[in-house]
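The values are calculated or read from the model by the stated rules, or taken from the named source; none is laboratory data. Remember, it's a predicted structure, so these values are computed and weren't measured experimentally. Positions of Cβ are backbone-derived with ideal geometry, glycine not excepted, and every protein chain shown enters the neighbour counts. SASA here: full protein model, heavy atoms, side chains in, ligands and nucleic acids out. Shrake-Rupley method; radii C 1.70, N 1.55, O 1.52, S 1.80 Å.
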Amino acid sequence: MMQENMRVLAHEEIADCIFELKLEGEMVWAITEPGQFVHIRVGGGSQSVAPLLRRPISISSADPSKKTMTLIYRSGGLGTGLLSETGIGEKVDVLGPLGHGFPVEATPLQGKALVIGGGVGIPPLYGLSQELNARGIQVTHVLGFRSAKDVFYQMAFEKAGRTIIMTEDGTDGRRGRVTDVLDSVDFDVAYACGPIPMLKALEHAITEKPLFVSLEQRMGCGIGACMACVTRATDANDAKGYRRVCCDGPVFKAGEVELC
Amino acid sequence: MLEVHLPGLDLKNPVMPASGCFAFGAEYGNLYDLNRLGAVTIKAATLQPRYGNPTPRVAETPSGMLNAIGLQNPGVDEIIRKELPRFEENKVPVIANIAGSEMEDYVLTAEKMSQQSVVNALELNISCPNVKHGGIMFGTVPEVAAELTAKVKAVSEKPVYVKLSPNVTDIVAMGKAVEEAGADGLSMINTLLGMRIDLRTRKPLLSNLTGGLSGPAIKPVAIRMIYEVSQNVSIPIIGMGGIQNADDVIEFFLAGACAVAIGTANFVDPFVCPKIIKELPEKLDAMGVSDINELVGRSWKK
């Protein structure tokens, strides 16, 4: 874990309010797993008081040979709104890499992985898919969006494996939810990131095979000290009784923690 | 230049992380040597383990944040067994924060904690609801705060610092009451009670409804309260509330603090404490000050 002022190499809106931010710096070499995240401090613009706390944003992909990492985030609130105004060449204050990501080794070599994402939970799955591919694992993606205007990275995912796009309103891909098509996919291990209702539905749907889920939670420190992002352990006899999403997660084995 | 001496605490510098913002030191200890700190104030211990509140537990506010963690901790026995050994090889002084929901809890917790050799002092969190008296905070009634202080002092083997709640109309009366009851020092201020409402759900954002406001937003309140209390008590004050840099530390000293604690700023910059410790001598040099103790209460001293 380190703190670095990373340089913005590229920054563009790739779907409705969805931004792709490419950063350069030494932190990239410290990334160990897909699904880790960074904690970004955003400067204040002329119209606002600078947000005090950092913003946790998942790492979408990284290229250590070029010292670059790509983040994809949704611009909604004050912090991400200001972040979206950051220009190429500017520096961004980044703390990371943080947390434990997806265990790619859980899928046997030459095996099959199912990667399921919903909306702004999709970005870290791209790096995961690349890592799985690199191990010779066949990957199928099921990606859910609200509407056609929200879809991003479809071609990139298609390059990494079969990709099923689902939209709630049917304006792109198939109409429906990610859980509607799971029966048609053959896989050994599933990985998911997205809204809690989606993860809950997946925990119900995928019971016979390993499933790993990545959680989102409001965070304070991002390093495990402030106890803001805890979630209960499912096992009533668990020694600690809780997990911290920032440092014990954000990725957990399905059933390890309560989804709420 | 930075050395300060307070009851039970011989500090090589006056900067320590504030309770609840630093857990038990393990996480920040991975980032830098804790011995660089003046002291460490560990997370509040209660008699029994506490899970704390449901999430959301934090919410950002302009220049601040609200938190309602709910004193999550593994209980005093587990802290003694699992967390305190970390400080056996460290030379950094440890202040153990104590909380409770009734007087007996505080007393038993304080007694156990004060017997630990690595603990140099106790900090009494009196901003907790007293479950036996309708949930009224111990720290909002001077007589109750004084009674609690006296009871803890009677069993504690180490000096006791009482952490004052700012959610009172007369902070000076509170400071005087706990001083008379035997407090060795004061910590001030704890967080200010606040709330945020979510426009989408139209409900309070925190699951606990209310939370404690911290961060730079509360710094002027802390400065004012320390300025007032330090003129009316003779025990030392550890100042806290929105400190972000060395200039803020100096402001707290001028108001009347003898040491400072850094809370929320650790979340913004995990290296903020060692950074401030490094900056302080340069700032004092620039002011022509050779000993930080000279600054205590300079804003009101003749």
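Take the alpha-carbon centre of the range B:233-302, take the same for the range B:110-183, and report the distance between them in whole Å. If we compute the Cα centre of each part, the gap is 24 Å. For the range B:161-246, what does the alpha-carbon gyration tensor say about shape, rounded, prolate or oblate, given a ≥ b ≥ c as the root eigenvalues, a/c under 1.5 as rounded, and a/b over b/c as prolate? Prolate. With protein chains left intact and a 1.4 Å probe, residues in the protein assembly as shown average 41 Å² of accessible area per residue.
Residues in the range A:107-120 carry Karplus couplings, in order, of 8, x, 4, 6, x, 10, 10, 10, 10, 10, x, x, x, 6 Hz; the curve used is 6.51 cos²θ - 1.76 cosθ + 1.60 with θ = phi - 60°, and Gly or Pro positions show x.
Comparing the full protein assembly with the isolated chain, the residues of the range A:202-242 losing at least 40 square angstrom of accessible surface (1.4 Å probe) are A:R218, A:I223, A:A225, A:C226, A:M227, A:A228, A:V230, A:R232. Which positions within the range B:64-91 get 50 Å² or more of their accessible surface covered by the other protein chains, compared to the chain by itself, with a 1.4 angstrom probe? Checking the loss per residue gives B:Q72. Restricted to Cα atoms, the protein assembly as shown shows a radius of gyration and a Dmax of 25.2, 82 angstrom.
Once you have a ≥ b ≥ c as the square roots of the Cα gyration tensor eigenvalues for chain B, tell me rounded if a/c is under 1.5, and otherwise prolate or oblate according to whether a/b is larger than b/c. Taking the square roots of the gyration eigenvalues as a ≥ b ≥ c, chain B is rounded.
Protection proxy ranking for B:273-283, B:94-104, using the average of other Cβ atoms within 10 Å per residue and placing the highest first: B:94-104, B:273-283.
Quick check for me: using +1 on Lys/Arg Cβ and -1 on Asp/Glu Cβ, what's the dipole size of the protein assembly as shown about its Cα centre, in debye to the nearest 20?
Details: 54 positive and 64 negative charges, 112 e Å.
In total the dipole reaches around 540 debye.
Of the residues B:M188, B:A217, B:A173, the one whose Cα sits farthest toward the positive end of the charge dipole of the range B:155-288, with +1 on the Cβ of Lys and Arg and -1 on the Cβ of Asp and Glu, is B:A217. When only the Cβ of Lys, Arg, Asp and Glu is charged (+1, +1, -1, -1), the dipole of the range A:2-98 relative to its Cα centre reaches about 220 debye. Burial here means at least 10 square angstrom less accessible surface with every protein chain in place than with the chain by itself, probed at 1.4 Å; in the range B:23-52 the buried residues are B:A23, B:E27, B:Y28, B:L31, B:K43, B:Y51. Just checking the listed ones, B:G211, B:G175, B:G52: in the Gaussian network model of chain B with Cα springs under 10 Å, the one fluctuating most is B:G52. Which of A:G76, A:V38, A:V8 sits farthest toward the positive end of the charge dipole of the range A:2-98, with +1 on the Cβ of Lys and Arg and -1 on the Cβ of Asp and Glu? Checked the options; the winner is A:V38. Basic side chains Lys and Arg get +1 at the Cβ, acidic Asp and Glu get -1 at the Cβ, and with that the dipole of the range A:104-216 about its Cα centre reaches some 180 debye.
In summary, the range B:251-302 shows an alpha-carbon radius of gyration equal to 1.25 times the 2.2 N^0.38 Å reference for compact globular proteins.
Alpha-carbon geometry of chain A: the Rg and the Dmax are 17.7, 54 Å, given in that order.
Dividing the summed -39500 (n - 2.57) terms of all DSSP H runs of n ≥ 4 by the residue count of the protein assembly as shown sets its mean residue ellipticity at 222 nm at -6000 deg cm²/dmol. Over all pairs of different C-alpha atoms in the range A:104-216, the reciprocal of the mean inverse distance, the Kirkwood hydrodynamic radius, equals 13.7 Å.
For the range A:159-236, what does the alpha-carbon gyration tensor say about shape, rounded, prolate or oblate, given a ≥ b ≥ c as the root eigenvalues, a/c under 1.5 as rounded, and a/b over b/c as prolate? The shape class here is prolate.
Counting only DSSP beta bridges with both residues in the range B:189-272, what percent are antiparallel, rounded to the nearest 5? Please report the intermediate quantities before stating the final value.
Values: 6 of 9 bridges.
If I count the DSSP bridges inside the range B:189-272, around 65 percent turn out antiparallel.
Computed over the range A:2-98, the alpha-carbon pair-distance distribution with 5 angstrom bins reads 3, 15, 26, 28, 18, 8, 2, 0, each value a whole percent. Counting only DSSP beta bridges whose two residues both lie in chain B, roughly 45 percent are antiparallel.
Can you give the accessible area buried between chains B and A, summed over both chains, with a 1.4 Å probe, in Å² to the nearest 100?
On the way: alone 12920 and 12320 Å², together 22810 Å².
Summed over both sides, the interface buries about 2400 Å².
Report, to the nearest whole %, how much of the accessible area of the range A:104-216 belongs to carbon and sulfur atoms, 1.4 Å probe, protein only. Working shown, then result.
Values: 2460 of 5170 Å².
Its accessible area is 48 percent carbon and sulfur atoms.
Going by accessible area, probe 1.4 Å, with all protein chains left in place, what is the ranking of B:Y32, A:Y242, largest first?
Details: B:Y32 15, A:Y242 40 Å².
The ordering from most to least exposed comes out as A:Y242, B:Y32.
May I ask which residue of A:V115, A:L199, A:P51 lies farthest towards the positive end of the charge dipole of chain A, with charges of +1 (Lys, Arg) and -1 (Asp, Glu) on Cβ and the Cα centre as origin? Farthest towards the positive pole: A:P51. Restricting attention to the protein assembly as shown, close to 55% of DSSP beta bridges with both partner residues there are antiparallel.
What a 1.4 Å probe finds exposed on the range A:2-98 is 46% carbon and sulfur by accessible area, rounded to a whole percent.
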